[in-house]
Amino acid sequence: MRKEISLGALIAAGCAGGVAAGTADKPNIVVILTDDWGRGDLSLFGTLDDVKTPCLDRLAKDGALFTDGYITSPQCAPSRAGLLTGRYQQRFGFDCIGLGPLPLEEKTIADRLQKAGYITGMVGKWHMEPTAPDLKWAVEKHPELIKNNKIVSLPFEKMESYFPGARGFKEFYCANKSPYYANFDRSGQDVIPPQWQTAEEFRVDVQTAAALAFIGRNTQKPFFLYLAYFAPHVPLEATQKYLDRFPGPMPDRRRYALAMMSAVDDGVGRIVDSLAKSGLKEKTLIVFTSDNGAPIGAHKGAVMEDSLPATGPQEGWDGSRNDPFRGEKGMLSEGGIRIPFIMAWPGTIPAGKQFSDPVSSLDIAATANAIAGLPEDSMLDGVNLVPYLTGEKNAAPHEDLYWKFWSQAAIRSGDWKFIQAGSRGQLLFNLKEDQEEKNNLIEAYPEKAKELRQKLSEWADQMTPAGLPSGGGNEPEAKWYQYYFKKALQ
(Lines give C-alpha, C1' and ligand atoms only; values in the text may rest on other atoms or scores of the structure.)
Protein backbone atom coordinates (compact mmCIF):
# COMPACT_ATOMS: atom_id res chain seq x y z
CA MET A 1 0.00 0.00 0.00
CA ARG A 2 1.21 3.48 -0.86
CA LYS A 3 2.01 6.11 1.70
CA GLU A 4 -1.12 7.54 3.33
CA ILE A 5 -1.55 11.29 3.18
CA SER A 6 -2.73 13.25 6.17
CA LEU A 7 -5.28 15.61 4.68
CA GLY A 8 -7.33 15.54 7.87
CA ALA A 9 -6.71 19.18 8.68
CA LEU A 10 -7.66 20.22 5.18
CA ILE A 11 -10.84 18.14 5.22
CA ALA A 12 -11.78 19.40 8.67
CA ALA A 13 -11.28 22.97 7.56
CA GLY A 14 -13.46 22.35 4.53
CA CYS A 15 -16.45 21.15 6.58
CA ALA A 16 -16.07 23.32 9.66
CA GLY A 17 -19.45 24.61 10.74
CA GLY A 18 -21.35 21.94 8.79
CA VAL A 19 -23.85 22.80 6.06
CA ALA A 20 -24.56 26.49 5.86
CA ALA A 21 -27.96 27.83 6.82
CA GLY A 22 -30.49 28.24 4.05
CA THR A 23 -29.11 25.46 1.83
CA ALA A 24 -32.09 23.08 1.96
CA ASP A 25 -33.60 24.32 -1.30
CA LYS A 26 -30.37 24.63 -3.24
CA PRO A 27 -30.17 22.24 -6.19
CA ASN A 28 -27.67 19.42 -6.34
CA ILE A 29 -25.16 19.63 -9.18
CA VAL A 30 -23.63 16.66 -11.01
CA VAL A 31 -20.98 17.25 -13.68
CA ILE A 32 -20.04 14.17 -15.72
CA LEU A 33 -16.91 14.47 -17.84
CA THR A 34 -15.69 11.77 -20.20
CA ASP A 35 -12.22 11.36 -21.69
CA ASP A 36 -11.57 11.54 -25.47
CA TRP A 37 -15.26 11.03 -26.34
CA GLY A 38 -15.90 12.44 -29.82
CA ARG A 39 -18.91 14.53 -30.83
CA GLY A 40 -20.22 11.86 -33.21
CA ASP A 41 -20.66 9.28 -30.46
CA LEU A 42 -24.02 10.34 -29.09
CA SER A 43 -26.75 8.31 -30.76
CA LEU A 44 -29.30 11.14 -30.40
CA PHE A 45 -27.37 13.11 -33.03
CA GLY A 46 -28.03 10.32 -35.56
CA THR A 47 -24.59 10.75 -37.10
CA LEU A 48 -23.38 7.17 -36.61
CA ASP A 49 -25.54 4.06 -36.62
CA ASP A 50 -23.35 1.79 -34.47
CA VAL A 51 -23.29 3.86 -31.24
CA LYS A 52 -25.91 3.20 -28.54
CA THR A 53 -26.41 5.77 -25.78
CA PRO A 54 -30.08 5.42 -24.73
CA CYS A 55 -29.57 6.83 -21.22
CA LEU A 56 -27.73 9.91 -22.49
CA ASP A 57 -30.37 10.34 -25.18
CA ARG A 58 -33.04 10.24 -22.48
CA LEU A 59 -31.07 12.72 -20.36
CA ALA A 60 -30.96 15.13 -23.31
CA LYS A 61 -34.70 14.68 -23.93
CA ASP A 62 -35.30 15.50 -20.24
CA GLY A 63 -33.35 18.74 -20.68
CA ALA A 64 -31.22 20.49 -23.29
CA LEU A 65 -28.94 19.18 -26.02
CA PHE A 66 -26.34 21.72 -27.14
CA THR A 67 -25.50 21.29 -30.81
CA ASP A 68 -22.56 23.70 -30.59
CA GLY A 69 -20.92 22.82 -27.28
CA TYR A 70 -17.20 23.50 -26.92
CA ILE A 71 -14.37 22.63 -24.57
CA THR A 72 -11.56 25.15 -23.96
CA SER A 73 -8.70 22.96 -25.19
CA PRO A 74 -8.20 19.94 -27.46
CA GLN A 75 -6.18 18.25 -24.70
CA CYS A 76 -7.28 16.75 -21.39
CA ALA A 77 -5.37 18.55 -18.61
CA PRO A 78 -5.84 22.15 -19.80
CA SER A 79 -9.48 21.53 -20.72
CA ARG A 80 -10.14 20.20 -17.21
CA ALA A 81 -8.42 23.23 -15.72
CA GLY A 82 -10.75 25.51 -17.68
CA LEU A 83 -13.85 23.54 -16.72
CA LEU A 84 -12.98 23.28 -13.02
CA THR A 85 -12.10 26.96 -12.60
CA GLY A 86 -14.57 28.49 -15.05
CA ARG A 87 -11.68 30.55 -16.42
CA TYR A 88 -9.73 30.37 -19.62
CA GLN A 89 -6.78 28.25 -18.51
CA GLN A 90 -4.53 30.52 -20.54
CA ARG A 91 -5.13 33.21 -17.89
CA PHE A 92 -2.90 31.20 -15.56
CA GLY A 93 -0.55 29.79 -18.18
CA PHE A 94 -1.92 26.23 -18.39
CA ASP A 95 -2.10 26.15 -22.20
CA CYS A 96 -1.10 22.50 -22.59
CA ILE A 97 0.25 19.43 -20.80
CA GLY A 98 3.64 20.30 -19.39
CA LEU A 99 2.50 23.70 -18.10
CA GLY A 100 0.59 22.35 -15.09
CA PRO A 101 -0.34 21.69 -12.40
CA LEU A 102 -3.46 23.71 -11.67
CA PRO A 103 -2.09 26.66 -9.66
CA LEU A 104 -3.01 26.64 -5.99
CA GLU A 105 -4.22 30.24 -6.27
CA GLU A 106 -7.03 29.25 -8.64
CA LYS A 107 -10.49 28.56 -7.17
CA THR A 108 -12.31 25.44 -8.32
CA ILE A 109 -16.08 24.98 -8.60
CA ALA A 110 -15.78 22.90 -5.43
CA ASP A 111 -14.05 25.72 -3.55
CA ARG A 112 -16.94 27.99 -4.42
CA LEU A 113 -19.71 25.52 -3.65
CA GLN A 114 -18.26 24.48 -0.29
CA LYS A 115 -18.69 28.10 0.79
CA ALA A 116 -22.32 27.88 -0.30
CA GLY A 117 -22.87 24.90 2.01
CA TYR A 118 -22.46 22.09 -0.48
CA ILE A 119 -20.96 18.68 0.20
CA THR A 120 -18.45 18.38 -2.63
CA GLY A 121 -17.30 15.11 -4.17
CA MET A 122 -14.89 14.00 -6.88
CA VAL A 123 -14.69 10.58 -8.56
CA GLY A 124 -12.33 9.36 -11.28
CA LYS A 125 -9.60 11.08 -13.28
CA TRP A 126 -8.11 14.22 -11.74
CA HIS A 127 -4.98 15.19 -13.75
CA MET A 128 -4.62 18.57 -12.02
CA GLU A 129 -1.64 17.44 -9.92
CA PRO A 130 2.03 17.77 -10.97
CA THR A 131 3.03 15.26 -13.64
CA ALA A 132 6.34 14.27 -15.23
CA PRO A 133 6.14 16.82 -18.10
CA ASP A 134 5.63 19.79 -15.70
CA LEU A 135 9.26 20.87 -15.74
CA LYS A 136 8.51 24.58 -15.31
CA TRP A 137 6.67 23.85 -12.05
CA ALA A 138 9.54 21.71 -10.77
CA VAL A 139 12.14 24.36 -11.65
CA GLU A 140 10.18 26.97 -9.70
CA LYS A 141 8.95 24.85 -6.78
CA HIS A 142 11.08 21.73 -6.41
CA PRO A 143 14.38 21.82 -8.33
CA GLU A 144 15.60 18.89 -6.23
CA LEU A 145 13.28 16.65 -8.31
CA ILE A 146 15.15 17.44 -11.54
CA LYS A 147 18.10 15.60 -13.05
CA ASN A 148 19.43 16.10 -16.58
CA ASN A 149 16.62 18.56 -17.25
CA LYS A 150 13.92 15.98 -16.45
CA ILE A 151 11.70 15.32 -13.44
CA VAL A 152 13.05 12.04 -12.11
CA SER A 153 10.63 11.53 -9.22
CA LEU A 154 7.34 12.91 -7.90
CA PRO A 155 7.01 12.00 -4.21
CA PHE A 156 3.36 12.06 -3.23
CA GLU A 157 3.99 14.46 -0.37
CA LYS A 158 5.08 17.03 -2.97
CA MET A 159 1.74 16.63 -4.72
CA GLU A 160 -0.76 16.35 -1.88
CA SER A 161 -1.73 20.02 -1.90
CA TYR A 162 -2.75 19.68 -5.58
CA PHE A 163 -5.08 16.71 -5.06
CA PRO A 164 -8.90 16.97 -4.80
CA GLY A 165 -9.03 16.94 -1.00
CA ALA A 166 -7.05 20.16 -0.95
CA ARG A 167 -8.87 21.75 -3.92
CA GLY A 168 -12.35 22.09 -2.46
CA PHE A 169 -13.52 18.47 -2.53
CA LYS A 170 -14.61 17.15 0.86
CA GLU A 171 -15.01 13.60 -0.45
CA PHE A 172 -12.98 11.91 -3.18
CA TYR A 173 -12.39 8.59 -4.91
CA CYS A 174 -9.60 9.65 -7.20
CA ALA A 175 -7.56 7.93 -9.94
CA ASN A 176 -7.75 6.97 -13.59
CA LYS A 177 -7.99 3.33 -12.51
CA SER A 178 -7.03 1.14 -9.54
CA PRO A 179 -5.69 1.92 -7.01
CA TYR A 180 -7.87 4.89 -6.04
CA TYR A 181 -6.94 7.49 -3.44
CA ALA A 182 -10.12 7.88 -1.43
CA ASN A 183 -11.68 8.92 1.84
CA PHE A 184 -14.83 6.85 1.31
CA ASP A 185 -15.42 3.42 -0.19
CA ARG A 186 -17.93 1.98 -2.64
CA SER A 187 -20.19 0.84 0.18
CA GLY A 188 -20.47 4.47 1.28
CA GLN A 189 -18.35 4.14 4.41
CA ASP A 190 -15.75 6.67 5.57
CA VAL A 191 -12.07 5.88 5.01
CA ILE A 192 -10.23 8.19 7.40
CA PRO A 193 -7.40 8.99 6.93
CA PRO A 194 -7.54 8.67 3.13
CA GLN A 195 -6.02 5.50 1.72
CA TRP A 196 -5.16 3.91 -1.60
CA GLN A 197 -7.93 1.38 -2.37
CA THR A 198 -7.58 -1.48 -4.81
CA ALA A 199 -10.52 -2.01 -7.17
CA GLU A 200 -9.63 -4.46 -9.91
CA GLU A 201 -13.06 -4.56 -11.59
CA PHE A 202 -13.76 -2.76 -14.89
CA ARG A 203 -12.83 0.86 -14.23
CA VAL A 204 -16.01 2.44 -15.63
CA ASP A 205 -18.18 0.29 -13.35
CA VAL A 206 -15.93 1.09 -10.39
CA GLN A 207 -16.26 4.82 -11.01
CA THR A 208 -20.04 4.56 -11.37
CA ALA A 209 -20.23 2.62 -8.09
CA ALA A 210 -18.17 5.27 -6.29
CA ALA A 211 -20.39 8.04 -7.69
CA LEU A 212 -23.51 6.21 -6.49
CA ALA A 213 -21.91 5.75 -3.06
CA PHE A 214 -21.22 9.49 -2.83
CA ILE A 215 -24.82 10.31 -3.74
CA GLY A 216 -26.14 7.73 -1.29
CA ARG A 217 -24.08 9.30 1.52
CA ASN A 218 -25.42 12.78 0.87
CA THR A 219 -29.11 12.65 -0.01
CA GLN A 220 -30.04 14.96 2.89
CA LYS A 221 -27.70 17.81 1.93
CA PRO A 222 -27.07 19.81 -1.22
CA PHE A 223 -24.16 18.19 -3.02
CA PHE A 224 -21.83 18.76 -5.95
CA LEU A 225 -20.40 15.70 -7.68
CA TYR A 226 -17.66 15.90 -10.32
CA LEU A 227 -17.55 12.47 -11.97
CA ALA A 228 -14.64 12.23 -14.41
CA TYR A 229 -14.86 8.89 -16.20
CA PHE A 230 -11.60 7.53 -17.62
CA ALA A 231 -13.29 6.41 -20.85
CA PRO A 232 -13.01 5.81 -23.70
CA HIS A 233 -9.37 6.90 -23.36
CA VAL A 234 -6.71 4.24 -23.92
CA PRO A 235 -5.80 1.74 -22.55
CA LEU A 236 -9.05 0.30 -23.87
CA GLU A 237 -10.80 -2.30 -21.75
CA ALA A 238 -14.32 -3.64 -21.37
CA THR A 239 -16.15 -6.63 -19.97
CA GLN A 240 -17.95 -9.15 -22.17
CA LYS A 241 -21.29 -7.76 -20.98
CA TYR A 242 -20.65 -4.54 -22.85
CA LEU A 243 -18.69 -6.00 -25.80
CA ASP A 244 -21.62 -8.33 -26.59
CA ARG A 245 -23.81 -5.30 -27.27
CA PHE A 246 -21.80 -4.58 -30.43
CA PRO A 247 -21.65 -7.72 -32.59
CA GLY A 248 -20.64 -7.90 -36.21
CA PRO A 249 -17.56 -6.89 -38.15
CA MET A 250 -15.85 -3.67 -37.06
CA PRO A 251 -12.36 -2.55 -36.00
CA ASP A 252 -11.33 -3.95 -32.63
CA ARG A 253 -10.81 -0.47 -31.20
CA ARG A 254 -14.24 0.67 -32.32
CA ARG A 255 -15.92 -2.25 -30.55
CA TYR A 256 -14.04 -1.57 -27.32
CA ALA A 257 -14.75 2.16 -27.45
CA LEU A 258 -18.46 1.52 -28.06
CA ALA A 259 -18.47 -0.90 -25.13
CA MET A 260 -16.79 1.61 -22.83
CA MET A 261 -19.18 4.36 -23.87
CA SER A 262 -22.09 2.00 -23.33
CA ALA A 263 -20.82 1.36 -19.79
CA VAL A 264 -20.69 5.11 -19.17
CA ASP A 265 -24.20 5.39 -20.58
CA ASP A 266 -25.39 2.71 -18.17
CA GLY A 267 -23.69 4.62 -15.36
CA VAL A 268 -25.51 7.82 -16.25
CA GLY A 269 -28.78 5.88 -16.25
CA ARG A 270 -28.05 4.42 -12.82
CA ILE A 271 -27.22 7.86 -11.44
CA VAL A 272 -30.47 9.33 -12.78
CA ASP A 273 -32.42 6.37 -11.36
CA SER A 274 -30.73 6.79 -7.99
CA LEU A 275 -31.65 10.46 -7.89
CA ALA A 276 -35.24 9.64 -8.82
CA LYS A 277 -35.54 6.99 -6.09
CA SER A 278 -34.28 9.51 -3.53
CA GLY A 279 -36.75 12.15 -4.73
CA LEU A 280 -33.88 14.31 -5.99
CA LYS A 281 -34.30 14.20 -9.77
CA GLU A 282 -36.04 17.58 -9.98
CA LYS A 283 -33.61 19.03 -7.45
CA THR A 284 -30.51 18.12 -9.46
CA LEU A 285 -28.78 19.78 -12.40
CA ILE A 286 -26.83 17.21 -14.46
CA VAL A 287 -24.23 18.24 -17.03
CA PHE A 288 -22.60 15.76 -19.41
CA THR A 289 -19.67 16.58 -21.69
CA SER A 290 -16.21 15.46 -22.86
CA ASP A 291 -12.73 16.87 -22.28
CA ASN A 292 -11.87 17.02 -26.02
CA GLY A 293 -12.54 15.30 -29.30
CA ALA A 294 -11.41 11.79 -30.09
CA PRO A 295 -7.81 11.07 -31.16
CA ILE A 296 -7.91 9.57 -34.64
CA GLY A 297 -4.21 9.09 -35.40
CA ALA A 298 -3.86 11.09 -38.61
CA HIS A 299 -0.41 12.38 -37.66
CA LYS A 300 0.83 8.79 -37.99
CA GLY A 301 -0.73 8.42 -41.40
CA ALA A 302 -3.21 5.87 -40.04
CA VAL A 303 -6.80 6.97 -39.59
CA MET A 304 -9.11 4.57 -37.75
CA GLU A 305 -7.12 1.52 -38.81
CA ASP A 306 -8.78 -1.89 -38.73
CA SER A 307 -5.42 -3.44 -37.92
CA LEU A 308 -4.88 -1.72 -34.56
CA PRO A 309 -5.69 -4.25 -31.82
CA ALA A 310 -7.57 -2.89 -28.81
CA THR A 311 -4.85 -4.05 -26.45
CA GLY A 312 -1.99 -3.08 -28.74
CA PRO A 313 0.03 0.17 -28.89
CA GLN A 314 -1.59 2.86 -26.75
CA GLU A 315 -1.25 5.58 -29.36
CA GLY A 316 -3.40 6.70 -32.25
CA TRP A 317 -7.11 6.05 -32.48
CA ASP A 318 -9.00 5.38 -29.22
CA GLY A 319 -12.03 3.97 -31.07
CA SER A 320 -14.25 7.05 -30.69
CA ARG A 321 -15.26 9.30 -33.60
CA ASN A 322 -15.76 13.02 -34.22
CA ASP A 323 -18.18 12.76 -37.17
CA PRO A 324 -19.19 14.83 -39.01
CA PHE A 325 -16.38 17.18 -38.05
CA ARG A 326 -12.89 17.46 -39.43
CA GLY A 327 -9.85 17.00 -37.23
CA GLU A 328 -9.16 15.42 -33.86
CA LYS A 329 -7.73 15.79 -30.37
CA GLY A 330 -4.84 18.25 -30.47
CA MET A 331 -6.43 20.47 -33.12
CA LEU A 332 -8.54 23.63 -32.92
CA SER A 333 -10.71 22.43 -35.79
CA GLU A 334 -14.24 21.37 -34.81
CA GLY A 335 -13.21 17.73 -34.39
CA GLY A 336 -10.81 18.67 -31.60
CA ILE A 337 -12.96 21.05 -29.53
CA ARG A 338 -16.66 20.53 -30.36
CA ILE A 339 -17.97 17.89 -28.04
CA PRO A 340 -21.18 16.29 -26.68
CA PHE A 341 -22.85 18.70 -24.25
CA ILE A 342 -26.08 18.02 -22.33
CA MET A 343 -27.70 19.87 -19.44
CA ALA A 344 -30.77 18.52 -17.65
CA TRP A 345 -32.74 19.84 -14.68
CA PRO A 346 -36.31 18.53 -14.86
CA GLY A 347 -38.90 21.11 -13.90
CA THR A 348 -36.51 24.01 -14.48
CA ILE A 349 -34.87 23.46 -17.88
CA PRO A 350 -37.57 22.75 -20.50
CA ALA A 351 -37.52 19.16 -21.71
CA GLY A 352 -36.48 18.34 -25.24
CA LYS A 353 -34.79 21.65 -25.90
CA GLN A 354 -32.15 21.83 -28.63
CA PHE A 355 -29.88 24.83 -28.23
CA SER A 356 -27.84 25.88 -31.25
CA ASP A 357 -25.94 28.96 -30.03
CA PRO A 358 -22.29 28.28 -29.08
CA VAL A 359 -21.69 27.43 -25.42
CA SER A 360 -18.53 26.55 -23.53
CA SER A 361 -17.38 24.32 -20.70
CA LEU A 362 -16.55 27.65 -19.00
CA ASP A 363 -20.29 28.06 -18.52
CA ILE A 364 -20.51 25.10 -16.15
CA ALA A 365 -18.81 26.90 -13.26
CA ALA A 366 -20.76 30.11 -13.86
CA THR A 367 -24.04 28.18 -13.94
CA ALA A 368 -23.18 26.29 -10.75
CA ASN A 369 -22.14 29.53 -9.05
CA ALA A 370 -25.46 31.19 -9.91
CA ILE A 371 -27.85 28.39 -9.01
CA ALA A 372 -26.03 27.88 -5.70
CA GLY A 373 -27.00 31.45 -4.82
CA LEU A 374 -23.47 32.84 -4.89
CA PRO A 375 -22.85 36.40 -6.10
CA GLU A 376 -21.66 36.99 -9.65
CA ASP A 377 -17.89 36.87 -9.95
CA SER A 378 -16.10 38.84 -12.66
CA MET A 379 -13.22 36.35 -12.47
CA LEU A 380 -15.41 33.75 -14.21
CA ASP A 381 -15.27 33.73 -18.01
CA GLY A 382 -18.45 31.73 -18.53
CA VAL A 383 -22.12 32.62 -18.17
CA ASN A 384 -25.08 31.10 -16.33
CA LEU A 385 -26.87 29.13 -19.05
CA VAL A 386 -30.14 28.54 -17.20
CA PRO A 387 -31.82 31.86 -18.18
CA TYR A 388 -30.99 31.18 -21.83
CA LEU A 389 -32.56 27.73 -21.63
CA THR A 390 -35.72 28.88 -19.86
CA GLY A 391 -36.28 31.77 -22.28
CA GLU A 392 -35.61 34.49 -19.73
CA LYS A 393 -32.75 35.66 -21.96
CA ASN A 394 -33.02 35.48 -25.74
CA ALA A 395 -29.61 36.65 -26.96
CA ALA A 396 -26.73 34.28 -27.63
CA PRO A 397 -24.77 33.53 -24.42
CA HIS A 398 -21.42 34.48 -26.01
CA GLU A 399 -20.36 37.04 -28.56
CA ASP A 400 -17.01 35.28 -29.00
CA LEU A 401 -15.20 32.14 -27.82
CA TYR A 402 -11.40 31.83 -27.91
CA TRP A 403 -8.72 29.14 -27.98
CA LYS A 404 -4.93 29.00 -27.84
CA PHE A 405 -3.00 25.72 -27.93
CA TRP A 406 0.58 24.91 -28.98
CA SER A 407 1.13 27.06 -32.08
CA GLN A 408 -2.58 27.30 -32.90
CA ALA A 409 -5.15 29.92 -31.96
CA ALA A 410 -8.82 30.30 -32.89
CA ILE A 411 -11.92 32.39 -32.38
CA ARG A 412 -15.59 31.64 -33.00
CA SER A 413 -17.70 34.77 -33.44
CA GLY A 414 -21.31 34.02 -34.30
CA ASP A 415 -21.26 31.76 -37.34
CA TRP A 416 -17.69 32.68 -38.23
CA LYS A 417 -14.56 30.83 -37.14
CA PHE A 418 -10.95 31.86 -37.73
CA ILE A 419 -7.98 29.54 -37.08
CA GLN A 420 -4.32 30.49 -37.01
CA ALA A 421 -2.91 27.07 -37.82
CA GLY A 422 0.63 27.68 -36.68
CA SER A 423 3.05 28.04 -39.56
CA ARG A 424 0.64 26.18 -41.83
CA GLY A 425 -1.46 29.31 -42.49
CA GLN A 426 -4.90 30.75 -41.74
CA LEU A 427 -8.38 29.30 -42.08
CA LEU A 428 -11.75 31.04 -42.15
CA PHE A 429 -15.07 29.21 -42.12
CA ASN A 430 -18.75 30.06 -41.93
CA LEU A 431 -19.97 27.25 -39.69
CA LYS A 432 -23.64 27.88 -40.43
CA GLU A 433 -23.02 26.99 -44.06
CA ASP A 434 -20.01 24.71 -43.60
CA GLN A 435 -19.84 23.02 -40.21
CA GLU A 436 -17.41 20.43 -41.58
CA GLU A 437 -14.84 23.18 -42.34
CA LYS A 438 -14.39 22.19 -45.97
CA ASN A 439 -14.24 25.61 -47.60
CA ASN A 440 -11.55 28.05 -46.51
CA LEU A 441 -12.96 31.57 -47.08
CA ILE A 442 -9.77 33.43 -46.20
CA GLU A 443 -9.39 34.90 -49.69
CA ALA A 444 -13.09 35.59 -50.24
CA TYR A 445 -13.53 37.51 -46.97
CA PRO A 446 -10.17 39.12 -46.09
CA GLU A 447 -11.77 41.89 -44.00
CA LYS A 448 -13.68 39.39 -41.85
CA ALA A 449 -10.45 37.41 -41.34
CA LYS A 450 -8.62 40.60 -40.36
CA GLU A 451 -11.38 41.57 -37.90
CA LEU A 452 -11.38 38.17 -36.22
CA ARG A 453 -7.62 37.94 -36.04
CA GLN A 454 -7.56 41.34 -34.34
CA LYS A 455 -10.09 40.19 -31.74
CA LEU A 456 -8.12 37.01 -31.20
CA SER A 457 -4.90 38.98 -30.78
CA GLU A 458 -6.49 41.34 -28.24
CA TRP A 459 -7.74 38.38 -26.21
CA ALA A 460 -4.37 36.62 -26.37
CA ASP A 461 -2.65 39.76 -25.11
CA GLN A 462 -4.60 39.35 -21.84
CA MET A 463 -3.38 35.79 -21.32
CA THR A 464 -0.21 34.32 -19.75
CA PRO A 465 2.12 34.46 -21.59
CA ALA A 466 0.66 37.35 -23.55
CA GLY A 467 0.26 37.23 -27.29
CA LEU A 468 -0.57 34.79 -30.03
CA PRO A 469 1.60 31.67 -30.31
CA SER A 470 4.74 31.94 -32.39
CA GLY A 471 6.91 29.30 -33.99
CA GLY A 472 6.22 26.36 -36.21
CA GLY A 473 4.61 24.05 -33.69
CA ASN A 474 5.42 20.36 -33.32
CA GLU A 475 5.55 17.50 -35.77
CA PRO A 476 2.12 15.93 -34.98
CA GLU A 477 0.47 19.34 -35.27
CA ALA A 478 1.94 19.96 -38.72
CA LYS A 479 0.93 16.50 -39.92
CA TRP A 480 -2.63 16.90 -38.66
CA TYR A 481 -3.17 20.10 -40.61
CA GLN A 482 -1.41 18.64 -43.64
CA TYR A 483 -3.79 15.68 -43.58
CA TYR A 484 -7.10 17.40 -42.83
CA PHE A 485 -6.61 20.80 -44.48
CA LYS A 486 -4.05 20.29 -47.26
CA LYS A 487 -6.24 21.78 -49.97
CA ALA A 488 -7.70 24.50 -47.76
CA LEU A 489 -4.23 25.76 -46.83
CA GLN A 490 -2.80 25.77 -50.36
**Item:** Label assignment, Cα extents along the principal axes in Å derived from the structure, set (i) 79, 52, 41; (ii) 61, 57, 52; (iii) 102, 53, 40
**Value:** (ii)
**Message:** Tell me the mean residue ellipticity at 222 nm calculated for the chain from its helices only (DSSP H runs of n ≥ 4, each -39500 (n - 2.57), averaged over every residue, nearest 500).
**Reply:** -8000 deg cm²/dmol
**Item:** Acute angle (nearest 10 degrees) that the helix 362-371 long axis makes with the longest principal axis of the chain, alpha-carbon atoms
**Value:** 40 degrees
**Item:** Nitroxide proxy distance, nm - points 7 Å out along Cα→Cβ at THR67 and ALA395
**Value:** 2.3 nm
**Asked** With every protein chain present, what is the per residue accessible area of region 295-419 (1.4 Å probe, Å²)?
**Response** 35 Å²
**Request:** Can you pull the one-decimal nm distance between simple spin-label points at ALA276 and ASP415, each 7 Å off the Cα toward Cβ?
**Result:** 4.0 nm
**Prompt:** By DSSP, what percent of the beta bridges with both residues in the chain are antiparallel, rounded to the nearest 5?
**Reply:** 55 percent
**Request:** Mind grabbing the accessible area of LYS283 for me, 1.4 Å probe, Å², rounded to tens?
**Result:** 80 Å²
**Message:** Using the basic label-point model (7 angstrom from Cα toward the beta carbon), what is the GLN195 to LYS487 distance in nanometres?
**Reply:** 6.2 nm
**Complete:** The relative contact order of region 197-301, taking Cα pairs under 8 Å that sit 6 or more residues apart, comes to a percentage of 29 percent
**Message:** Could you tell me the center-to-center distance, by alpha carbons, between region 326-362 and region 370-434 in angstrom?
**Reply:** 11 Å
**Asked** When the accessible area of the chain is computed with all protein chains present and a 1.4 Å probe, what percentage of it is carbon and sulfur?
**Response** 48 percent
**Request:** Write down the accessible area per residue of region 65-161 in Å², having rolled a 1.4 Å probe over the full set of protein chains.
**Result:** 34 Å²
**Request:** Set the Förster radius R0 to 45 Å, insert the Cβ-Cβ distance between THR464 and LYS241 as r into 1/(1 + (r/R0)^6), and round the FRET efficiency to 0.05.
**Result:** 0.45
**Prompt:** What does the accessible area per residue of region 423-479 come to in Å², with a 1.4 Å probe and no ligands, DNA or RNA counted?
**Reply:** 60 Å²
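The values are calculated or read from the model by the stated rules, or taken from the named source; none is laboratory data. Predicted model only: the values in this text are computed from it and were never measured. Virtual Cβ from ideal backbone geometry, glycine too; neighbours counted across all protein chains shown. The protein model used for the area step is the full one, side chains on, heavy atoms only, and it has no ligands, DNA or RNA in it. Shrake-Rupley method; radii C 1.70, N 1.55, O 1.52, S 1.80 Å.
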